[in-house]
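See structure below.
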Amino acid sequence: MYIQKKLLIVFFFSVFSLGLGLLLASCEKNSLGEMKLWYTHPATHWMTSALPIGNGELGALFFGGIACEQIQFNEKTLWTGSSVMRGAYQSFGNIYINFEGIDTCTIDKYHRELSLDDGTGRVRFCQNGVDYHREYFASNPDSMIVIRIYTLRNKGKLNFTVSLKDRHEGVTTVKDGTILLIQNHLDLLSYEAQLKVLNEGGDVLTDSSQIKVKGADAVTLLLTGATNFNISSPNYIGETEEQLHARLSNRIQMGVKKGYEELRERHLADYCPLFGRVKFDLGESLPTIPTDELVRKHKESLYLDMLYFQYGRYLMLASSRGMNLPNNLQGIWNADNTPPWECDIHNNINIQMNYWPAETANLPECHLPFLEYIAEEAIGRPEGRWRKIAQEEGLRGWAVNTQNNIFGYSDWNINRPANAWYCMHLWQHFVYSNDLEYLQKTAFPVMKSACEYWFDRLKVDNNGRLIAPDEWSPEQGCWEDGVSYAQQLIWQLFSGTMQAIELLRSENINVEDIFVSELTDKFQKLDNGLEIGSWGQIKEWKEDKEKLDFQGNDHRHLSQLIALYPGNQISYHRDSLFADAAKKTLLSRGDMGTGWSRAWKIACWARLFDGDHAYHLLKSALSLSTLTVVSMNNFDGGIYENLFDSHPPFQIDGNFGATAGIVEMLLQSHRNYIHLLPALPLAWSNGSVEGLRAEGNFTIGLKWHNGHLMECSVISGSGGECRIYYPDIRKMKIRDDKGREVSVSFITNEQILFPTKKGENYIIEAI
C-alpha cells in the first residue's frame, strides 16, 4: 500500500545515508541511558514474568530456564474462525531446550534481561567454572527469531536436546537432519514452523521428533513460522501449503547463509535507529535491584518511569510492523488457545489505545498496519462485512461491531461510532506527517465514506440538532439517542474531514461539491456531545434512563471524555467551563481502574495541565498485579513483574496508553500549536527528552531544570510556520542550526510563531 512504500523509501534512504557504522553505534549504551529489564531468577509464568521479543509478525516469550529453557512463540495471523465465525487468536507452539549436566541447585551468578536499547534478550549463569550464555532476538529484516547458546572460554560444554511442540497437537518431524518442522491446519488457514539447529563444534543427532546436540562450542537456533493468510485476498488465503513451505524454507536457507553475526548486525541496523529516535532522561541510572523488586518499590523510582515509557515503544516495534494487521489485545503474545475476549481486535477503546503513542512517540511505521487494515476493510473490500453492516441498515459507507477477527468477521454490539474513531487515526497520521499524497489516496476516501454513513443515519432532535439515534456508552447503560460518546466522535470525524477538504482544495485536488455541501450543512447542525450536567459533569447521556450518571460512578470507561482525549474539543485554552466539567467527571470516576483505564486517565489529567495528578495515575498504573484471570475490579489493575499491563489479565493497551500519556505530560500539539511541558510533575523537576513528535511534522527535544524549560530543539520535517506555546516564551531566543537568530512573531505573551525550512533544526534557549 502507498503509505508503507512511502515510509520504507524514507527509512532506507536514511539508513544508507548514515551508514551501518553509525546505525550500530546508536545501540551503544551508557550507564545513564541504558534501558533494561533484568532479573535474578527464571520466569515462572508466561504472562507475569517471561520476557517478550518480536519482529511485528513473529513474537516469542523466553523464560530463561536453567536445566530446561522454554520459548513460547506466536504468529500474528494464527487464528481460528472465518468470515462467519469469530474464532480466536492462537498460541503457535513452544521450543524446549533440555540441557544435560546442568544442576539448577548448583549454579550461581544467574542473570536474565531484556535490553530495550538493542531489542535483545540475554541469560547467563555459571556452573563449575563454566559461564553459560544465551541471546534472543526477533529479526524484522530476516523474519525469524534467533537464539544463540554459547559458553565463554570453555569449549565443547553444550549438551542438550531441542524439541518443537505444536499447541494444536500437530506432529513434529525432522527435515534434513537439522530442521524441526510443524505443518498443520486451522479452520481456514494452513500454518507451518521451521526450527533450524546450527552447531559449531560437536555433533548433531536426530530421532523422529527432536534434535540432540553433543559437545558443541556454540549453537544458533533459527525459528520462523507463518500462515497462508493474506488480507488482500478475497477469501483471505494467499498461498497453497506448498508455497508456504517454500517461502519458509527459503527464509531458513537465507538465514543459514548469513550466519549469526550477519543476522545480528542486520537486526541491530534495523531496530536501533527506530528505538533510538526517542531518549527520555530523568537523571536516574540503571538500578542495582532487579526489575521485579523495582516494581514493588515503584513509587521511589524515576528509572521505572523512564523504563515503562520506553517499554511501550519497544512493545510497539515488536508487535506492529510488516503485514497490514493491527496488534490485538495482547499484541502478539498469547499462550492460550481460548484467550479472554478471543484476544481479538476490540474497538471500544482497546485497539485505538494500542496506537495512541505511534505518532507522538515517533514510531509512525508502527501505525501503518492499523491504518492499512482500516483502509482495506472499509473501502478496499466492497463486499466485506464492514460495508455490509451499513448496507443492512440501508445506509451508505461502512461501520463495525465491537469484536473483530482478521477475516472481516465483526460481532457483539454494533459500535457505529468506532468508524469515526478509526478515522481519527487516519487523520492523525496526516497531521503528523503532512503527507498530502497519503491524505488524498488513503485517508480521505475512508473518512469520506464514514461521513456518508453518518449523513444517512443522523436524525434531528427537538432542538433542531443532529444526533445519532440509539447509541451506546461503552460499556454501561441502555441504548439512547444522542449519547456523548457518539456525538463527540462524529464531531471529530466531521471536523477532520472539513480540514482535509480545505487542504486538498488548496492544492487544487478536486473534492465533489455535493459532498462538501452536505458535510458543511451536517457539521453546522451537529450536536457536539458537550453538555454540562446537574453536578457540573460532562453528561454521558442526554436522558440517562438508567440514572447512572451520578457522582461516584467509578466505571472504568471514560466514554464521555473522548472530547478531552484523544479528541481536541475540551481544553482550558478553548473553554474553561467544559475543562472544569471534565475535571469534575474525572474526579468522580476516581483514580483506580483496570490497567488500560488508569492509562487513559494519565492522558486526560495531562490534557487538563495537572501533571501531578497525571503522575499519581502513572504510579497507580505501575502498581504490582499478580492476578492472571479476568477481573473488572478497579483495584486489580496494574503491571506484572515483566511490565506487561494487567487488566487483568494481560492486555497490552495499558502499556501503550501509559506511554502516550507520558508524552502528553511533556508535549501537546492538538490545538494547532506546540505546547511545551504542559503537565510536568514536580517529581520530574529536572530532565530531558529527545525525539518526540508534534503535529505539523516537527520533531521536538526539551531540556528543563527546576521545572523550567532551558532549551527546546525543533526539527522541521516539512517547513512552514511553527507555533510554540510556553508561559515564559518571551524570555527565550531562537536561533537556527547555523547560530543565526530567528525573527519571531508574538501571537500572545505566551505564544510565538516563526518560519522554518524543511530539514533545519531550530534551538529555543532561555536568555
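The values are calculated or read from the model by the stated rules, or taken from the named source; none is laboratory data. Nothing here was measured: the structure is a model prediction, and the numbers come from that model. Note that we place each Cβ from the backbone using ideal geometry, even for glycine, and neighbour counts take in every protein chain shown.
Taking the conditions (1) part of a helix (DSSP H, G or I); (2) buried (at least 22 other Cβ atoms within 10 Å of the Cβ) in turn, LYS388 satisfies each one other than (2).
Considering segment 521-555, the residues that are surrounded by fewer than 17 Cβ atoms within 10 Å (Cβ to Cβ) and of a type in the set (S, T, N, Q) include one that is nearest to PRO474 (Cα to Cα), namely ASN553.
Among strands (runs of 3 or more DSSP E) entirely within segment 659-756, having at least 2 residues that are among the aliphatic types (A, V, I, L, M) and within 21 Å of ARG574 (Cα to Cα) singles out 674-676, 751-756.
Residue by residue, here is whether (1) surrounded by 15 or more Cβ atoms within 10 Å (Cβ to Cβ); (2) more than 37 Å from the chain's Cα centre (by Cα); (3) of a type in the set (S, T, N, Q); (4) closer than 15 Å to LEU248 by Cα holds:
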{"site": "GLU135", "(1), (2), (3), (4)": "yes, no, no, no"}
{"site": "THR151", "(1), (2), (3), (4)": "yes, no, yes, no"}
{"site": "ASN159", "(1), (2), (3), (4)": "yes, yes, yes, no"}
{"site": "LYS165", "(1), (2), (3), (4)": "yes, no, no, no"}
{"site": "ILE179", "(1), (2), (3), (4)": "yes, no, no, yes"}
{"site": "LEU189", "(1), (2), (3), (4)": "yes, no, no, no"}
{"site": "SER208", "(1), (2), (3), (4)": "no, yes, yes, no"}
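Of all residues in segment 101-114 being in contact (Cβ under 8 Å) with a residue 40 or more places away in the chain and crowded, with 19+ Cβ neighbours inside 10 Å, which is farthest from GLY33 (Cα to Cα)? Applying the filter and picking the extreme gives ARG112. Across segment 418-453, the qualifying residues are those that are of a type outside the set (A, V, I, L, M) and touching an Asp or Glu at 6+ places or on another chain (Cβ under 7 Å), and the one among them that is farthest from GLY397 (Cα to Cα) is TYR432.
Among the residues making up segment 605-647, those that are over 27 Å from ALA43 (Cα atoms) and among the hydrophobic types (A, V, I, L, M, F, W, C) are TRP605, ALA606, LEU608, PHE609, ALA614, LEU617. Answer yes or no: is there a residue in segment 479-494 that is in the same structural domain as GLU546 (by TED's automatic domain parsing), on the phi > 0 side of the Ramachandran plot and modelled with pLDDT under 95. Checked against the condition, which is being in the same structural domain as GLU546 (by TED's automatic domain parsing), on the phi > 0 side of the Ramachandran plot and modelled with pLDDT under 95, segment 479-494 yields no hits at all. Scanning segment 695-709 for residues that are over 16 Å from ARG671 (Cα atoms) and of a type in the set (D, E, K, R) turns up just one, LYS703. Considering every residue within segment 558-576, establish whether at least one is over 20 Å from ASP305 (Cα atoms), of a type in the set (D, E, K, R) and in contact with a strand residue (DSSP E or B) (Cβ under 9 Å, 6 or more places away or on another chain). No, the conditions are met nowhere in segment 558-576. Here is a check on your reading of the model: is ARG148 within 15 Å of GLU69 (Cα to Cα), touching a His at 6+ places or on another chain (Cβ under 9 Å) and part of a strand (DSSP E or B)? Criteria met by ARG148. Applying the criterion of being under 18 Å from LYS539 (Cβ atoms) and touching a Ser or Thr at 6+ places or on another chain (Cβ under 7 Å) to the residues of segment 440-475, the residue that is surrounded by the most Cβ atoms within 10 Å (Cβ to Cβ) is SER473. Take the conditions (1) part of a loop (DSSP other than H, G, I, E, B); (2) among the acidic types (Asp, Glu); (3) touching a residue at least 40 places away in the same chain (Cβ under 8 Å); ASP612 misses just one of them, which is (1). If you go through segment 393-425 and keep only what is β-branched (Val, Ile, Thr) and either modelled with pLDDT of 95 or more or part of a loop (DSSP other than H, G, I, E, B) (or both), you end up with VAL400, THR402, ILE406. Counting only residues that are more than 17 Å from LEU180 (Cβ to Cβ) and aliphatic (A, V, I, L, M), segment 211-241 holds 3 of them. Of the residues making up segment 360-385, those that are touching a strand residue (DSSP E or B) at 6+ places or on another chain (Cβ under 6 Å) and either buried (at least 24 other Cβ atoms within 10 Å of the Cβ) or in the same structural domain as PHE92 (by TED's automatic domain parsing) (or both) number 1.
Quick one: count up the residues across segment 117-146 that are in contact (Cβ under 8 Å) with a residue 60 or more places away in the chain and farther than 20 Å from HIS41 by Cβ. Of the residues in that region, 13 qualify.
Taken as a whole, the structure leaves ASP575 outside the set of residues that are acidic (Asp, Glu), in contact with a Pro (Cβ under 8 Å, 6 or more places away or on another chain) and without any contact (Cβ under 8 Å) to a residue 60 or more places away in the chain.
Restricting HIS346, HIS298 to those that are at pLDDT below 95 and surrounded by fewer than 24 Cβ atoms within 10 Å (Cβ to Cβ) reduces the list to HIS298.
If you go through segment 446-477 and keep only what is under 21 Å from ILE562 (Cα atoms), in a loop (DSSP other than H, G, I, E, B) and either not hydrophobic (A, V, I, L, M, F, W, C) or not assigned by TED's automatic domain parsing to the domain that holds TRP491 (or both), you end up with ARG465, PRO469, ASP470, PRO474, GLU475. Being surrounded by fewer than 22 Cβ atoms within 10 Å (Cβ to Cβ) and at pLDDT below 95 is true for just one of LYS703, LYS731. Which residue is that? LYS731 is the lone residue from the list that is surrounded by fewer than 22 Cβ atoms within 10 Å (Cβ to Cβ) and at pLDDT below 95. The requirement of being within 30 Å of LEU188 (Cα to Cα) and in a helix (DSSP H, G or I) is not satisfied by HIS267.
Would you mind stating whether TRP535 is aromatic (Phe, Trp, Tyr), in the same structural domain as GLN551 (by TED's automatic domain parsing) and in a strand (DSSP E or B)? No, not satisfied.
Here the condition is being touching a Ser or Thr at 6+ places or on another chain (Cβ under 8 Å) and at pLDDT 95 or above; of PHE656, PHE644, it holds for PHE644 alone. In segment 356-374, what residues are more than 14 Å from GLU664 (Cα to Cα) and in a loop (DSSP other than H, G, I, E, B)? Residue satisfying the conditions is LEU363 alone.
The set of residues in segment 559-601 that are under 16 Å from HIS616 (Cβ atoms) and assigned to a loop (DSSP other than H, G, I, E, B) comprises GLY590, ASP591, MET592, GLY593. The residues listed here are THR173, THR161; of these, the one that is within 20 Å of PHE99 (Cα to Cα) and out of contact with any His (no Cβ under 7 Å at 6 or more places or on another chain) is THR161.
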